[in-house]
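The values are calculated or read from the model by the stated rules, or taken from the named source; none is laboratory data. In this text, all values refer to a predicted model and were calculated from it rather than measured experimentally. Don't worry about glycine lacking a Cβ; one is built from the backbone with ideal geometry, like all the others, and counts go over all protein chains shown. With ligands, DNA and RNA removed, areas are computed over all heavy atoms of the protein, side chains included. Shrake-Rupley method; radii C 1.70, N 1.55, O 1.52, S 1.80 Å.
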Amino acid sequence: MSTGNWAVALALSGLVTLAACGEDPLDNPDDMVTINMMDENHGKTRMGTTDIYIDSSHNFKTTDYYLCDFGPVIDLGHIEDGSPDLGTLTDQAAVSPDEGYLAFNRNDCMVFPSGHPAVAIGASYYRLWVDEWIKENKVAVGARVNFALYRPEPYKLPDWNEAAGTIDAGNTSITVEVRDNKKRGCEAMLDTAARGVLTVTDITTNKKKCQFKISLTPIATPATATGRYMLYLRTGNSYTQTLVYVKQ
């Protein structure tokens with residue numbers, strides 16, 4: 001699910017509230033893969049179908065993903081759900097046994113006007129866990145790594161490409177609601193093509209929901225702005241893409 005070439009800063013916190021695919025988020029998933037990842041001097045094993053590998057300095061490296069060192073955990077399943085502070089996102093992270101990591105495809109990430117990043121609902125990301133070093137003559141030449149795919153928590157966000165509302169000659173604005181029962185924070189942002197035609201105003205934020213007013217700009221009318229525009233809605237660390245229609 002590509003969202004375009006959105007620039008994501010390297011120092012971002014609290015990216016994703018994690019949702020395990022299994023019944024118990026603390027269990028290792030049935031589809032977990034264990035791989036011997038040899039470093040770039042000893043075969044340069046890539047993780048699954050990704051471009052993630054271990055370099056000669058024993059860092060995970062990638063150009064297609066953002067990496068985050070989650071910290072010490074007892075296994076893959078305990079990179080658990082909740083609202084972890086993911087600290088700094090980067091294209092490399094030092095490999096360390098008993099350490100958990102997260103890898104997010106860059107095309108699935110978006111930064112909202114507040115600077116808060118989020119991941120598209122329906123997208124997939126990887127959890128990694130380093131079991132132990134692989135050594136030859138007592139020198140580390142790679143690492144045994146467990147990994148599996150997971151999905152971001154969708155909360156109660158609208159489905160991807162769901163209609164958010166229609167603006168026509170009889171009304172110049174609509175109100176869009178985002179549920180936020182646990183005060184994770186919510187936000188709305190228009191696609192670049194919609195700016196100049198529509199504006200977003202945060203009109204209500206409370207412990208259960210956020211409401212946003214989507215209005216035509218003073219220079220736009222249904223006759224001149226007819227079309228379909230993208231509106232991105234974020235709750236916590238997840239976001240969805242909805243559609244606003246302008247009709248004559």
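Observations, loosely collected:
- Residues in segment 195-205 that are in a loop (DSSP other than H, G, I, E, B) and on the phi < 0 side of the Ramachandran plot: 1 in all.
- Residue in segment 69-84 that is farther than 24 Å from Tyr239 by Cβ, touching a strand residue (DSSP E or B) at 6+ places or on another chain (Cβ under 7 Å), assigned to a loop (DSSP other than H, G, I, E, B) and not basic (Lys, Arg) present: yes
- Thr45 at pLDDT 95 or above, of a type outside the set (A, V, I, L, M, F, W, C) and not in a strand (DSSP E or B): yes
- Considering only residues in segment 206-243 that are in a strand (DSSP E or B) and over 20 Å from Val111 (Cα atoms), the one that is modelled with the lowest pLDDT turns out to be Lys209.
- Residues in segment 210-218 include at least one that is open to solvent by less than 60 Å² (accessible area, probe 1.4 Å) and touching a Cys at 6+ places or on another chain (Cβ under 9 Å).
- Note on segment 148-177: among residues that are crowded, with 21+ Cβ neighbours inside 10 Å and more than 17 Å from the chain's Cα centre (by Cα), the one that is nearest to Thr50 (Cα to Cα) is Ala164.
- Pairs, first more than 8 Å from Thr90 (Cα to Cα) and surrounded by 13 or more Cβ atoms within 10 Å (Cβ to Cβ) in segment 63-76, second of a type in the set (Gly, Ala, Ser) and modelled with pLDDT of 90 or more, C-beta under 6 Å, six or more apart: Tyr65/Ala103; Asp69/Ala93; Phe70/Gly100; Val73/Gly100
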